Every structure is written in structure tokens, then in C-alpha cells.
Amino acid sequence: MSEAIDVHNHVVPEQFPKYAGKGTNVPWPSMADAHACHKHVMISGKVYRTVADGCWSVPRRVEDMGKQGIARQAISPMPELLSYWLPLDDAKVMVRYLNDQIAEMIGQAPRRFVGLGCVPLQDMDSALRELEYIKTLKFSGVEIASHVNGTSIGDPRFEPFFAACEKTGAAVFVHALRPAGMERIVGAFSEQAVLFPNEIAIACASMITGGVAARHPKLRIAFSHGGGTMSILLPRLVHAWNMVQKTKESLTESPAVTAKRFYYDNVLFDSDSVKFLINRFGAGQVLVGSDYPFALGEQDPLGRLRNAGLDEKTMALIGSTNAKRFLGLPEAPR
């Protein structure tokens with residue numbers, strides 16, 4: 001497991017540039033000092049999240065990776081920074097800044113990190129141009145959210161982006177963000193705890209039901225948090241595809257075939273759930289993730305796998321081989 005690769009973890013810059021756009025009341029992020037080794041991410045004058053210095057400090061991050069037994073990380077932005085809701089000109093400035101910050105971190109420890117950048121997916125032309133820029137940085141791919149301002153990623157308007165990712169070999173990592181149903185949470189639990197599983201499953205399902213993933217079978221796409229409830233939802237999609245003629249005519253392959261080409265991280269917080277994930281989608285499609293450095297993340301992702309009682313071959317697959325294939329790393333088996 002010394003070669004383990006963590007595909008789900010996030011970075012936040014130590015500072016953001018001052019807002020220089022023309023908008024008013026734009027939710028441009030900033031950083032404010034907090035307690036030792038921490039800063040507050042401020043959005044619209046309020047604390048969105050208090051983050052530790054592992055978000056931006058390469059030495060601290062590498063130290064923590066050692067404690068987890070992680071050899072490499074595919075680093076991506078904190079999802080709330082993806083900026084789909086910003087005016088387009090402002091969003092382009094923010095995503096370029098984030099991509100350059102990720103590149104700087106990789107430059108400090110190129111053997112420890114690979115990049116998953118971001119694009120302004122609310123505008124297709126701008127997203128495709130930023131994808132080209134990301135290629136010049138030699139990133140493995142991009143992180144996107146589960147929806148763009150309320151439109152699921154499986155909507156036809158985003159197909160040119162996925163087609164470009166398939167053509168260029170860019171991996172796509174999908175993270176839940178601003179989930180549906182916020183108004184229905186009861187009690188002192190966050191949306192990450194209650195709603196992320198459904199949110200990421202809806203995104204995953206949309207890539208199937210909209211036919212985008214079937215039309216782009218070489219697209220390498222992974223879903224955070226184990227795909228959420230997708231492992232339970234999939235048999236229902238298959239049943240509907242088999243039973244409803246209109247549904248069957250809309251797709252060229254069974255939802256199960258498509259779903260088993262996707263990748264899923266192991267951020268499920270339960271070893272039995274990880275085993276179920278493997279049984280549903282196959283050991284070759286599961287990846288190590290931690291959600292580092294956030295408090296609700298998986299503190300011991302490799303220990304979670306070991307507690308699932310996996311054999312050495314399966315541990316090696318999930319620990320590194322699958323991630324190399326997903327990320328398109330040169331040492332990935334052909």
C-alpha cells in the first residue's frame with residue numbers, strides 16, 4: 001500500500017486576490033486569520049468554513065499523507081470555489097487563479113501530487129478554453145460539481161465538455177455541491193452528512209439517463225462519496241430500462257453497463273458499505289479517497305479498506321492501480 005493514491009482531497013489557497021471585477025455584491029471569497037494553523041474562508045462577509053493549513057501548505061500536507069500511508073494525491077479545489085454562480089468574467093479569473101495555485105503546489109512536490117483543475121462550466125466556450133489551459137499545466141483532469149446552477153451534469157448542454165475530456169484523455173472527478181433538499185434537513189446535521197449521498201447519485205444517474213456516458217464510452221469519470229446512493233439506485237434504473245419501452249429506446253445500453261465503467265471513491269465511512277460498493281460496481285472501479293483535510297473526511301482510508309477484509313490483489317487494485325488508470329498516469333497498465 002506504499003503506492004496508495006488518494007483521488008479525493010481538496011486545496012484552498014492561503015490567500016485570494018482582491019476582487020477586481022465590475023459586479024456588485026459578488027460572493028468573492030477571501031481568507032481571514034483564525035486560530036493557530038487555521039484560516040476562515042469568508043464568503044459574502046460570513047465564515048463559510050474554517051480550514052487547516054494542510055489546505056495550502058505542501059510540507060504539512062505531505063506530513064499528513066505520511067500518517068495516512070498515502071504516496072500521492074490528486075489535488076482539486078474545495079468545491080465551493082468552483083464559481084459557477086459568479087459573473088462569467090469573475091469566474092474565469094477565479095478558476096485560473098485556482099489552477100495556477102494547484103500547479104504551484106505540484107511544482108513543490110511533483111512526485112507527490114497530480115492536478116485536477118477546474119473550469120467555468122456555466123459557459124461552454126470558456127470551459128473548453130480553460131480545459132486547454134489545464135492541458136498545458138499537465139494536469140490529469142478536472143473536478144466538476146454535481147450540477148451547474150441547478151442543471152444536472154448529464155444535460156445535453158454539457159456534452160461538448162465531456163466529449164472534449166474523452167478526446168483529450170482528461171479525467172473528470174464529480175463532487176456533490178449545493179445539494180437539493182436543503183430546506184428539508186431536520187436537526188443539527190450538515191448537508192454533507194444528510195444530502196450529499198443523494199446529490200451525487202442524481203448527478204451519476206443523469207450521466208446515464210441522459211445518454212451522455214453511453215455516447216462517450218472512453219470518458220474516465222469518477223464520483224465522490226462512493227457515488228452516494230447510486231449503488232442502491234442502479235437496480236431501479238435497470239428495472240425501468242427493461243420494463244418501459246420508451247426508456248429502453250432512449251439508451252443504447254443497460255444502465256448497469258454504463259455505471260460499471262464509472263469510478264467511485266471509498267469515502268463511505270463503513271467497511272461493509274465499501275464491500276457492497278465493490279460487489280455492485282467491481283473492484284476495478286473503486287478508488288481511495290479521504291476528503292482531506294476536512295473534519296468530515298475519512299481519517300484512515302486505507303484502514304477502512306483493510307477492515308473490509310480485502311485480499312492483497314484487491315487492495316492493490318483499489319490502492320493504486322485503479323487510480324493510475326483513472327488519472328491516466330504513465331505507469332498505468334495498458
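The values are calculated or read from the model by the stated rules, or taken from the named source; none is laboratory data. Bear in mind that the values here come from a model prediction, so they are computed numbers and not experimental data. Virtual Cβ from ideal backbone geometry, glycine too; neighbours counted across all protein chains shown. Keep in mind that these areas ignore ligands, DNA and RNA; they rest on the heavy atoms of the full protein, side chains included. Shrake-Rupley method; radii C 1.70, N 1.55, O 1.52, S 1.80 Å.
For the range 94-114, the criterion of a residue being free of Cβ contacts under 8 Å to residues at least 40 places away in the same chain and closer than 19 Å to Lys22 by Cα is satisfied by at least one position.
From the set of residues in the range 241-253 that are more than 30 Å from Asn322 (Cα to Cα) and among the aliphatic types (A, V, I, L, M), which is surrounded by the fewest Cβ atoms within 10 Å (Cβ to Cβ)? Full working, then the answer.
Of all residues in the range 241-253, those more than 30 Å from Asn322 (Cα to Cα) come to 242-250.
If we keep only those that are among the aliphatic types (A, V, I, L, M) as well, we get 243-244.
Values: Met243: 9, Val244: 11.
Across the range 241-253, the extreme among qualifying residues is Met243.
Residues that are without any contact (Cβ under 8 Å) to a residue 60 or more places away in the chain and surrounded by fewer than 20 Cβ atoms within 10 Å (Cβ to Cβ) were ranked within the range 281-296; the one that is nearest to His175 (Cα to Cα) is Ala295.
For the range 239-253, indicate whether the set of residues that are over 22 Å from the mean Cα position of the chain (by Cα), under 26 Å from Gly169 (Cβ atoms) and not aliphatic (A, V, I, L, M) is non-empty.
Step one: filter the range 239-253 for residues over 22 Å from the mean Cα position of the chain (by Cα), giving 239-253.
Those still in the list that are under 26 Å from Gly169 (Cβ atoms) too: 251-253.
Keeping just the survivors that are not aliphatic (A, V, I, L, M) gives 252-253.
Yes, the range 239-253 contains at least one residue that is over 22 Å from the mean Cα position of the chain (by Cα), under 26 Å from Gly169 (Cβ atoms) and not aliphatic (A, V, I, L, M).
With a cut-off of at least 1 residues that are open to solvent by less than 10 Å² (accessible area, probe 1.4 Å) and within 21 Å of Leu81 (Cα to Cα), name the helices (runs of 4 or more DSSP H) lying wholly within the range 144-228. Correct list: 159-168, 196-209. Of all residues in the range 238-278, those satisfying the criterion of being more than 30 Å from Ser290 (Cβ to Cβ) and touching a Phe, Trp or Tyr at 6+ places or on another chain (Cβ under 8 Å) are Thr247, Lys248, Leu251, Ser254.
Could you check the range 102-123 and list, in sequence order, the residues that are part of a loop (DSSP other than H, G, I, E, B) and under 18 Å from the mean Cα position of the chain (by Cα)? Before the answer, list the steps.
First pass over the range 102-123, keeping only residues part of a loop (DSSP other than H, G, I, E, B): 109-112, 118-123.
If the condition is that a residue be part of a loop (DSSP other than H, G, I, E, B) and under 18 Å from the mean Cα position of the chain (by Cα), then Cys118, Val119, Pro120, Leu121, Gln122 are the ones that fit.
Restricting the range 1-56 to residues that are in contact (Cβ under 8 Å) with a residue 12 or more places away in the chain, of a type in the set (Val, Ile, Thr) and not in a strand (DSSP E or B) leaves a set whose member that is nearest to Asp100 (Cα to Cα) is Val12. The number of residues in the range 125-143 being open to solvent by 20 Å² or more (accessible area, probe 1.4 Å), in a helix (DSSP H, G or I) and within 22 Å of Gly328 (Cβ to Cβ) comes to 6. Just one of the numbered conditions (1) touching a helix residue (DSSP H, G or I) at 6+ places or on another chain (Cβ under 6 Å); (2) under 30 Å from Gln68 (Cβ atoms) is not true of Arg178: (1).
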